[in-house]
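Peer 1: Structure provided below as structure tokens; questions to follow.
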Number of protein chains: 2
Amino acid sequence: MKKHNFYAGPSILPEFTLTKTADAILDLDGSGLSLMSISHRSKEFIAVMEEAQALIKELLDVPSGYSVLFLGGGASLQFCMVPYNLLKVKAAYLNTGSWASKAIKEAKVFGEVIEVASSQDRNYSYIPKDFAVPEDADYFHITTNNTIYGTEIKTDLDVGPPLVADMSSDIFSRKLDISKYGLIYGGAQKNLGPAGVAFIIVKESILGGVDRVIPTILDYRTHIEKESMFNTPPVVPIYSSLQTLRWIRDMGGVDEIYKINVEKAGLLYDEINRNKLFKCTVEDPEDQSIMNVCFVMEEEYKELEENFLEFASQNGMVGIKGHRSVGGFRASLYNALPKESVEALISTMRDFERKS
Amino acid sequence: MKKHNFYAGPSILPEFTLTKTADAILDLDGSGLSLMSISHRSKEFIAVMEEAQALIKELLDVPSGYSVLFLGGGASLQFCMVPYNLLKVKAAYLNTGSWASKAIKEAKVFGEVIEVASSQDRNYSYIPKDFAVPEDADYFHITTNNTIYGTEIKTDLDVGPPLVADMSSDIFSRKLDISKYGLIYGGAQKNLGPAGVAFIIVKESILGGVDRVIPTILDYRTHIEKESMFNTPPVVPIYSSLQTLRWIRDMGGVDEIYKINVEKAGLLYDEINRNKLFKCTVEDPEDQSIMNVCFVMEEEYKELEENFLEFASQNGMVGIKGHRSVGGFRASLYNALPKESVEALISTMRDFERKS
């Protein structure tokens, strides 16, 4: 039976990425060597790294003055690298969920943190709107998409201090105005590649302002200078990421991907609204993520939750159990998830409604 | 033409590891999902993580009181995590090469570093022997195998302070007495798996002694408590590492691997000694690495260096150019390199000698 992969991350990647990676692990471009067994200093891998960085710049229209990095360690390491490199006295953070909270916790190791607003009061089911970012903050940190809670900041904010964004789960889902950001980072394992690498897009001029001594590997300037080759980079995750970037380009770029994303999410939100059994946990459509759709059973059908999970699983749906912080269900509709999978989930919801 | 992969790292891995990983990327154990697209919290991946940790404990006979971790970021991140977690006042380091020097540099960010001995005076071509480790050092750090220079500490040292060892390039090459170590770490990309994950074997009782606030992700206790699942681990590199660990077990364990390693290295060192064109950069056999064999042209044949590289390349040898710090040639004979490749290199050296 065909599986429909709604995992929140690591999550579905294009078939193109999977087959290209599997092929390269057996034999990289007819070289007689495995992708896993070549030096990161080989001409083959240097070409991979360079093309991947160039494609990110091309697809996101990254202006000059910005560097693109691929670093090991994942987004969680960035929670500490960001303040290590940028926090002089105080930083401002928007608290929109568990990951934002974790970023805030790490920043507090390095200085004062001003939480400009939080949606914790209603279990992070909305994006706070009316907040002021102190002009003297060293930077302002946001989490653009909140995987667990299904909320998303869908515009590029205008703020005074450098804007730092964790875009782990919505990078490449829409066009961005990079010039509004000081630093964008994220783990690859949603819209880019397998777990094990983080991407960073950083405006070089915001670096170098802190007095503390930064360990070499945690200093962004190290990696800019060494073009992400200061230490051995995660070769396979970067190779796979390159394949996904090529796939995005061949799909027509992020504008085309965005149209499909909006259509996919629209279909599912419409069904949740129509179906008598379900309701969204995020009420304001403006805040509803196009990447992670969180929904629960209406109060009177609560006891059917386990039954629906079981029924959906029997119909090939994988990974739709909601995060324990929210409960219910979560369907992650990342770039690589085909519209057919959304349609299959909708059919399953309708079938279940009929038999309930 | 068959390629013989002598890269220093990332480097050759068992065919078993390559085919198992490629298969799993297309379809993980008949699940209908790719290894790259499954949640790290799925039962499939939790089983991978648990078996990999258990196999390291089994293969290296790790005593109780030690934890085995798989972390993103590579060994270079450990250069800063080790002092972050362990350096209270001063640490002792043995300087046996470039990587040891890098580790020393990072430790100095956190406190006093005593370099107990260094072989820098003769371009790191030997392992210093007569040194004293201060009893009041918080730990003593060594690099057991020096990939660039071809030297190796082949015994488990007896010292007072906790012994911390970077074993990136010789882990699983021989039996260890783990009880003599406080912490062992290394990047996977030599004897274990593809680049992108570090292994750590740590004695829990040496942790928790520093006063500084450690960022959560840089605190070993975080990862012990969360069983290497605090953040999304590098799923593919860990899966591949598990396959290599199974391969080591099926080869008969590290004792059997060690016998083969000694035989392979012996064959090559013997040929270097016999062949009139070549000489080892490491003179003392006691210090000669069984993992990385470094050699150069004898003075009178120096001008043949490029010719030999070209000739070797034509004969299928890959990655035998020496590191720029040493020059000449380096053949890395990691666990997965078959004896046939060593024999092929030796034939090439003999053929070149005959025609020179």
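Only the coordinates and a few stated rules stand behind these numbers; no lab work does. Since this is a predicted model, take the numbers as computed values, not measurements. We place every Cβ from the backbone using ideal geometry, glycine too, and count neighbours over all the protein chains shown.
Peer 1: How large, in Å, is region A:78-159 by the Kirkwood hydrodynamic radius built from its alpha-carbon pairs?
Peer 2: 12.8 Å
Peer 1: OK, next. Give me the one-decimal Kirkwood hydrodynamic radius in Å for region B:1-47, with the sum taken over alpha-carbon pairs.
Peer 2: On the way: mean 1/r = 0.0801 Å⁻¹.
Final number for the Kirkwood radius of region B:1-47 is 12.5 Å.
Peer 1: Using a 10 Å cut-off on Cβ to Cβ distances, tally the other chain neighbours for every residue of A:236-248 and report the average as a whole number.
Peer 2: That average works out to 2.
Peer 1: Here is a further query. If I build a Gaussian network model for chain A, linking alpha-carbon pairs within less than 10 angstrom, which residue out of A:PHE70, A:PHE295, A:PHE311 has the largest mean-square fluctuation?
Peer 2: Checking each option, the largest mean-square fluctuation is seen for A:PHE311.
Peer 1: Here is a follow-up. Find every distance from the label point of B:ASN273 to the corresponding label point in the other copies (7 Å from Cα along Cα→Cβ) and write them in nm, one decimal, shortest first.
Peer 2: 8.2
Peer 1: Then there's this: Of all DSSP beta bridges in region B:63-142, what percent run antiparallel (nearest 5)?
Peer 2: 0 percent
Peer 1: Same structure again: Report, in listed order, any pair from A:LYS264/A:LYS302; A:LYS57/A:LYS321; A:LYS2/B:LYS57 with a Cα-Cα distance greater than 29 Å.
Peer 2: A:LYS57/A:LYS321; A:LYS2/B:LYS57
Peer 1: Mind pulling the per residue volume of the convex hull built on the Cα atoms of region A:174-265? Å³ is fine.
Peer 2: Given the Cα convex hull of region A:174-265, per-residue volume reads 125 Å³.
Peer 1: While we're looking at this one, here's another question. Note down the nm distance, to one decimal, between modelled labels 7 Å out along Cα→Cβ at B:GLU115 and at A:SER313.
Peer 2: Result for the modelled spin labels: 5.9 nm.
Peer 1: Would you work out if region B:152-227 is rounded, prolate or oblate? Take a ≥ b ≥ c from the square roots of the eigenvalues of the alpha-carbon gyration tensor; rounded if a/c is under 1.5, else prolate when a/b is larger than b/c, oblate otherwise.
Peer 2: Judged from the Cα gyration tensor, region B:152-227 comes out oblate (a/c at least 1.5, b/c at or above a/b).
Peer 1: Per 0.36 nm of contour for each residue apart, how much would the distance between B:LYS339 and B:ASP177 grow if the chain were fully extended, relative to their Cα-Cα spacing? Before the final figure, lay out the partial values.
Peer 2: Working: separation 162, 0.36 × 162 = 58.32 nm, distance 2.69 nm.
Between B:LYS339 and B:ASP177, full extension yields an extra 55.6 nm.
Peer 1: Dividing the alpha-carbon radius of gyration of region A:96-142 by 2.2 N^0.38 Å (N being the number of residues), what value is obtained?
Peer 2: Working it through for region A:96-142, the quotient is 1.16.
Peer 1: What whole number of Å gives the distance from the Cα centroid of region B:50-107 to the Cα centroid of region A:333-352?
Peer 2: About 45 Å separates the Cα centre of region A:333-352 from the one of region B:50-107.
Peer 1: Mind ranking A:317-329, A:57-69 by how tightly packed they are, going by the mean number of other C-beta atoms within 10 angstrom, highest first?
Peer 2: Numbers: A:317-329: 19.1, A:57-69: 16.6.
Per-residue Cβ counts within 10 Å, averaged per peptide and sorted highest first, yield A:317-329, A:57-69.
Peer 1: Most mobile of A:ILE224, A:ILE201, A:ILE171 per a Gaussian network model of chain A (Cα springs, under 10 Å)?
Peer 2: Residue with maximal mean-square fluctuation among A:ILE224, A:ILE201, A:ILE171: A:ILE224.
Peer 1: Follow-up. In terms of Cα to Cα distance under 20 Å, which aspartates and glutamates are near enough to A:LYS3, apart from those fewer than 8 places away along the same chain?
Peer 2: List returned: A:GLU15, A:GLU306, A:GLU310, A:GLU340, A:GLU343, A:ASP351, B:ASP23, B:ASP27, B:ASP29, B:GLU44.
Peer 1: Then there's this: Starting from a label point 7 Å past Cα on the Cβ side, list the distances from A:SER205 to the same position in the other copies, nm, shortest first.
Peer 2: 5.7
Peer 1: Report the gain in length on full extension from A:LYS2 to A:ALA54: 0.36 nm times residue separation, minus Cα-Cα distance, nm rounded to one decimal.
Peer 2: Stretched out fully, the A:LYS2 to A:ALA54 stretch lengthens by 15.2 nm.
Peer 1: Name the shape class, rounded, prolate or oblate, that the alpha-carbon gyration tensor gives for chain A, where a ≥ b ≥ c are the square roots of its eigenvalues, rounded holds for a/c under 1.5, and otherwise prolate holds if a/b is larger than b/c and oblate otherwise.
Peer 2: oblate
Peer 1: Find, among the trypsin sites (Lys or Arg not before Pro) in region B:193-244, those assigned to loop by DSSP (not H, G, I, E, B) with at most 15 other beta-carbon atoms within 10 angstrom.
Peer 2: Sparse-neighbourhood loop trypsin sites (Lys or Arg not before Pro): B:ARG212, B:LYS226.
Peer 1: For chain A, what does the helix formula give at 222 nm: sum of -39500 (n - 2.57) over DSSP H segments with n ≥ 4, over the residue count, nearest 500 deg cm²/dmol?
Peer 2: Computed mean residue ellipticity for chain A: -11000 deg cm²/dmol.
Peer 1: Write down, largest first, the equivalent ellipsoid semi-axes of region B:221-265 in whole Å, where each equals the square root of 5 times an eigenvalue of the alpha-carbon gyration tensor.
Peer 2: Output for region B:221-265: semi-axes of 30, 12, 9 Å.
Peer 1: Using the 10 angstrom Cβ neighbour count as an exposure proxy, how do A:VAL210, B:VAL113 rank, fewest first?
Peer 2: Exposure proxy ranking, most exposed first: A:VAL210, B:VAL113.
Peer 1: Show me the GluC sites (Glu not before Pro) within region B:59-149 that DSSP assigns to loop and that have at most 14 other Cβ atoms within 10 Å of their Cβ. Spell out each step's value before the answer.
Peer 2: Values: sites: B:GLU106, B:GLU112, B:GLU115, B:GLU135; in loops: B:GLU135.
Loop-located and lightly packed - B:GLU135.
Peer 1: Once you've got the Cα coordinates, tell me which of A:LYS276/A:LYS339; A:LYS129/A:LYS175; A:LYS105/B:LYS226 are over 19 Å apart. Provide the component values of the computation, followed by the final result.
Peer 2: Details: A:LYS276/A:LYS339 23 Å; A:LYS129/A:LYS175 21 Å; A:LYS105/B:LYS226 17 Å.
Violating the 19 Å Cα-Cα cut-off are A:LYS276/A:LYS339; A:LYS129/A:LYS175.
Peer 1: Quick one: with label points 7 Å out along Cα→Cβ, list the inter-copy distances for B:ASP121 in nm, shortest first?
Peer 2: Label point to label point, same position, other copies: 7.1 nm.
Peer 1: Which semi-axes, in whole Å and largest first, does the equivalent ellipsoid of region A:1-93 have when worked out from the alpha carbon gyration tensor as the square roots of 5 times its eigenvalues?
Peer 2: Over the Cα atoms of region A:1-93, the semi-axes work out to 31, 21, 14 Å.
Peer 1: While we're on this one: Averaging sequence separations of C-alpha pairs under 8 Å and six or more residues apart, then dividing by the length of chain A, give the relative contact order as a whole percent.
Peer 2: 24 percent
Peer 1: Where the convex hull is taken over the Cα atoms of the protein assembly as shown, what is its projected area averaged over directions, in nm²?
Peer 2: Computing the convex hull of the Cα atoms and averaging its projections yields 30.6 nm².
Peer 1: From the square roots a ≥ b ≥ c of the eigenvalues of the alpha-carbon gyration tensor of region B:253-355, which class results: rounded (a/c under 1.5), prolate (a/b over b/c), or oblate?
Peer 2: Verdict is prolate for region B:253-355.
Peer 1: Next up: Within 10 Å of each Cβ in peptide A:109-119, how many partner chain Cβ atoms are there on average? Round it to a whole number, please.
Peer 2: If you average over the peptide's residues, the count of other-chain Cβ atoms is 1.
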